[in-house]
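Enquirer: Let me give you the structure first, and then I'll get to my questions.
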Amino acid sequence: MNDFFKSVFASLLAMVVFSVFSIFFLFMLIGIFSAEEEKKVATNSVLVIDLNEAFPEQSKEDAYSELLSKKNGKIPSLSNVVALIKHAKNDAAIKGIYIKCQQNPNGFAASEEIRNALLEFKSSKKFIVAFGETISQKGYWIANVADEIFAHPQGGLEWAGFSYETMFLKGLLDKLEIQPQVFYAGKFKSATEPFRYSEMSPENKLQTSVWLNGVYNSFIQGTSLQRNISEDSLKILSDKGLIQNGLDAVRYHLLDGLRFDDEVKSVIAKKVKVQNPKDISFIRLYEYAANVSLNELGSGNIAVVYADGDIIMGRGEDNSIASDQYRALLQGIRNDESIDAVVLRVNSPGGSALASDIIWREIELLKKEKPVVVSMGNYAASGGYYIACNADSIFANANTITGSIGVFSVIPNLGNFMKNKLGITFDGVKTSTYADMPSTSRALNATEQKFIQSGVDSIYLAFKTKVAKGRKKSVEYIDSIAQGRVWIGADAVKVGLVDRIGDLNAAIASAAKMAKLNGYNIKSYPEKKSFIEDFIEGYEDKIKSKAIKEEIGVEEWGYLTQLKSIKQMMGQPQARLPIFVVNHP
């Protein structure tokens, strides 16, 4: 008995000590961050835009990065980046912008928004200098607006054109004796092609060639205007592989010189008119954000709802659009009389067709109460377009990937794989003919296949009908531009899927005008988590995913997330963008 009480007492003591230590540690962290002073904007400051960072749709404060790298955990949103650049244009303390452009993980549409803001900044006659050790084409997409662009003497500039690549699984599935059993509606709906074919279909090659060349031409046109080089000459440089190193890029006027980092700082020092580069006051975006106010002043309120990620049923994780969460969120906004208008920012390749329809219904109810404007990000395709199609007005960037109006379902038959490869068999009983349908342990019979295809066709018809209603077109016309076909924003305007080319700020301005607001405040949804909430909630998953991502690399992490998406789509009708692996330069 004494041993028992000793054990209990020791356990209680350990719990008390651990709790006290945890509370002390937590308050110590709060003290560290609250005591840390923000960097002030000096008189002669240079705003630093690091394109190596991926700017999310909503600003984030990553608690784990904050702990490990202090302020590196504060990530400004894409719209904040654009707003900060525009604010800097008229800020006397900001003398110029320094772009770090080695890489650029941001999408083409996001890059377009940043680039347009920088072009507007240039009208102030302030300088922009860009530098990267080796500059990728995505980095150059934005950097070409700079007055001067430099690369490292042993680095250079990638200039080879754009490519797209899809991973096909049919050969693997055949070897494993796995039958995918694919059902789809729309001849361009190529999301299931990796299961059906070993190469791209003619329809898929056609649509991919159209949108990829559209994006490429946009890149070439922008470069041509900023560097004063003809479009034909720029295309010849990539077609003939004439840019192999930094000297080639300088020779053909794509770069202004090859410099070391300290030499680039000396160039900037002369522009700021300081003797020593160490005296340059470089200020990063999150530091600048802490010193300026970007909010409009007024009595009105505009809700900006960020729909970012895969569309899924139920309750989801971060970076997903979960039906339960967004239904409740949109209902709350609809019933909030203080909100005058809504902007739905969609950055999604789609997902569950049912979840998309649930969110569509909430948008339909919402716009009866207040104006609803959609702003499309990098992607607003398939299910992403489904939830956007009935807004009062739709904005997209010229290089947004949208459309892909189609539906598919995949039900794998694992019976032969389990039996012949693993020695596992299945047996059972049922009360009705189709009680075990769909089953992954056997093939669907002809009647069951008819049931599934009928369901896919029914969802596709509902999808087209809702697009037709929202876009005020006939179902027949929508069918002619649907069929799962992907469009870039510039072409989507021409066929009527999008109303105007413009960024999030343009969509917000439109919503304010529709609501007849002279001034307004922005309320962002879903509401951001506090530092403590982010630190406590789901820390195991976050640490695990960060560790894996850092260990295997960003590209390989992309493959893993794609495999996870494939797993999610099994057995459920999907309205999803037909892109698995894209090798963007």
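Enquirer: Which entries of Lys100/Lys273; Lys40/Lys528; Lys419/Lys450; Lys187/Lys528 show an alpha-carbon separation above 30 angstrom in the structure shown?
Expert: Lys187/Lys528
Enquirer: Follow-up question, since we're still on this one. Which of Ser409, Ser320, Ser404 comes first, and how do the rest follow, when ranked by fewest Cβ neighbours within 10 Å?
Expert: Ser320, Ser409, Ser404
Enquirer: Still on this structure, please answer the following. Which of rounded, prolate or oblate describes region 82-139 when judged by the alpha-carbon gyration tensor and an a/c cut-off of 1.5?
Expert: It comes out oblate by the Cα gyration axes.
Enquirer: Test of understanding: express the Cα radius of gyration of region 144-254 as a ratio to 2.2 N^0.38 Å, with N the residue count.
Expert: 1.51
Enquirer: Under the Kirkwood approximation for Rh and a Cα-based Rg, what ratio Rg/Rh is obtained for region 456-512?
Expert: 1.04
Enquirer: If neighbour count is taken as other Cβ atoms inside 10 Å, put Thr400, Thr440 in order from fewest to most.
Expert: With the fewest neighbours first, Thr400, Thr440 line up as Thr440, Thr400.
Enquirer: Note the per residue figure in Å³ for the convex hull of the C-alpha positions in region 394-510.
Expert: Per residue, the Cα convex hull of region 394-510 comes to 174 Å³.
Enquirer: May I ask you to order 424-434, 161-171 by the average number of other C-beta atoms within 10 Å around their residues, highest value first?
Expert: Answer by packing, highest mean first, reads 161-171, 424-434.
Enquirer: Evaluate the Debye formula for region 121-209 with equal point scatterers sitting on the alpha carbons, no solvent, and hand back log10 of I(q)/I(0) at q = 0.18, 0.19, 0.22 Å⁻¹, in q order, two decimals.
Expert: -0.82, -0.86, -1.03
Enquirer: In what order do Tyr288, Tyr525, Tyr386 fall by count of nearby beta-carbon atoms within 10 Å, going from fewest to most?
Expert: Listing Tyr288, Tyr525, Tyr386 from fewest to most nearby Cβ atoms yields Tyr525, Tyr288, Tyr386.
Enquirer: Let me ask you something else. Shape call for region 403-464 from the C-alpha gyration tensor, a ≥ b ≥ c root eigenvalues: rounded (a/c under 1.5), prolate (a/b greater than b/c) or oblate?
Expert: oblate
Enquirer: Note the full-extension length gain between Lys235 and Asp147 as 0.36 nm times their separation in residues minus their Cα-Cα distance, in nm to one decimal.
Expert: Between Lys235 and Asp147, full extension yields 29.5 nm more.
Enquirer: For Lys469 and Ser454, calculate 0.36 nm times their separation in residues minus their Cα-Cα distance, and state this gained length in nm to one decimal.
Expert: 3.1 nm
Enquirer: Oh, and also: So what's the Cα pair-distance distribution over region 345-392, bin width 5 Å, in %?
Expert: Percent of pairs per bin, in order: 5, 25, 32, 24, 11, 2.
Enquirer: Would region 272-318 count as rounded, prolate or oblate if I go by the C-alpha gyration tensor, calling it rounded below 1.5 in a/c and otherwise prolate when a/b exceeds b/c, oblate otherwise?
Expert: Oblate is the answer for region 272-318, as a/c is 1.5 or above yet b/c matches or exceeds a/b.
None of the figures in this text is laboratory data; all of them are computed from the coordinates on show. Nothing here was measured: the structure is a model prediction, and the numbers come from that model. Using ideal geometry, Cβ is built from the backbone for each residue, glycine included, and neighbour counts are taken over all protein chains shown.
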